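What follows draws every value from the coordinates through simple rules; no lab data is involved. Predicted model, so just to flag it, every value in this text is computed and none were measured. Don't worry about glycine lacking a Cβ; one is built from the backbone with ideal geometry, like all the others, and counts go over all protein chains shown.
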Amino acid sequence: MTLVVSPYHITLQELPAMTASLLGARLITYMPVPEQIDRAGVRRAMGTSPRYLRLLESWRWAAPLFRAGVMSSLDAPARSVPSSHLPATDPLLSVRHAETRLGTDSRFSELRAFRHASLFSPERTYLDTVASDMLKAGPDPGVCVPIAAGLDAFAATRGFVVVRSGGAPAPRAGTPGTSLAQRAEGVLGETVLSFSMPVLSAADGHSILDVREELRQELDQLRESLQDALLEARAASASPSQRTDPLSADGSPASAQPQAGDVVSSQALVREAAQQYTRAFDVLAKDMLGADDQRGRRITGCTVSVVCKRMSVDAAFVSSVAAMRQAGARGGPPTPQSGRRSPAEPGRPPTPTMLTMVITQMNVRPPRAAARATTQARP
């Protein structure tokens, strides 16, 4: 099962990235790179853009995942080629297309004011602007919206699952809560299934790879049951002409439409697999949580809820427009009406859908091992 992760979550090492790094068999993200993708080109870019250097340093925790082939910025083995010859396996092409739509799609005309005159050139400005926005958690809609929408389109065309943040359930004073765009997107789409699982909330890539190896059997079972449930849920709601397999890698046709009881049964298998994984994780966590990773930073964990939803591939555009309207009106929380996309224009084909996983931290007491580590923490 391939998951698509936002580079913003990787930059800030947020829970969607940490959850995906365990739950996904493979992760794909968008990485801003210089025109010439080689050591000399990257070194030159770091020398001309301090923000780009800081961005790469913020991704250092994930370097072992890239080296192990778990995480990649291409849906294919990486190659050193000029960006003008990048294959369609690079999310950058989808991000470029989404950035163009920001200024041309009449349904989202309210976002045009945020579009950059020339986001992708010159190279130094492009890397500096994108790196700055990622380091600041995405305050510029002219950058973060095309990246989100581009990754969504990239995932939808390949049948991958997009990982989203559900925001903080109860943010502490002085910490950011759920954004207007997240609240608007929360009312979009249709929930397919949900479950909970413990994850590492702070750890380097080496520790994550250790958990993936130690709990390989439990994670494989969870991935398999989850993929089956998502396939069945999509097939159960699709029309005969739409009934294709969005998750199979070999392009084989989908099986016959399942009955509702089959979907419920597959969802129960997901929760059972999640419970087996949780028991195994709790045993492993006794020795891992509270220890230091190879960077010398304390390893921590938490429990997250994973809500799988089916929503429009234009969700990033739609939720951003709804957030703008809410901010302008200074009204209450977004409603389904404010977050719903406008009717399709005559002659325009229906908007494709995608599968997402919305990750939210749960207010659950930490395992005893974590609690002991907290009490024994150095002052």
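For the peptides 118-124, 313-319, 274-280, 156-162, what is the packing order when you average, over each peptide's residues, the other Cβ atoms within 10 Å and list the highest mean first?
So the peptides 118-124, 313-319, 274-280, 156-162, ranked by packing, come out 313-319, 156-162, 274-280, 118-124.
I'd like to know how the stretch 9-166 sits against the 2.2 N^0.38 Å rule of thumb: what's its Cα Rg over that expected value? Kindly include the intermediate steps, with their values, before the conclusion.
Values: Rg = 15.2 Å, N = 158, 2.2 N^0.38 = 15.1 Å.
Against the compact-globule rule of thumb, the ratio is 1.01.
Modelled label-to-label distance, Gln276 and Ser196, 7 Å Cα→beta-carbon offset: nm?
Simple spin-label model gives 2.1 nm for this pair.
If neighbour count is taken as other Cβ atoms inside 10 Å, put Arg44, Arg183 in order from fewest to most.
Lowest to highest Cβ neighbour count: Arg44, Arg183.
Order these by the 10 Å Cβ neighbour count, fewest first: Asp228, Asp204.
Numbers: Asp228 17, Asp204 23.
The most exposed by this proxy come first: Asp228, Asp204.
Between Ala68 and Ala327, what FRET efficiency comes out of the Förster formula 1/(1 + (r/R0)^6) with R0 = 45 Å and r the beta carbon distance, rounded to 0.05?
The calculated FRET efficiency here is 0.60.
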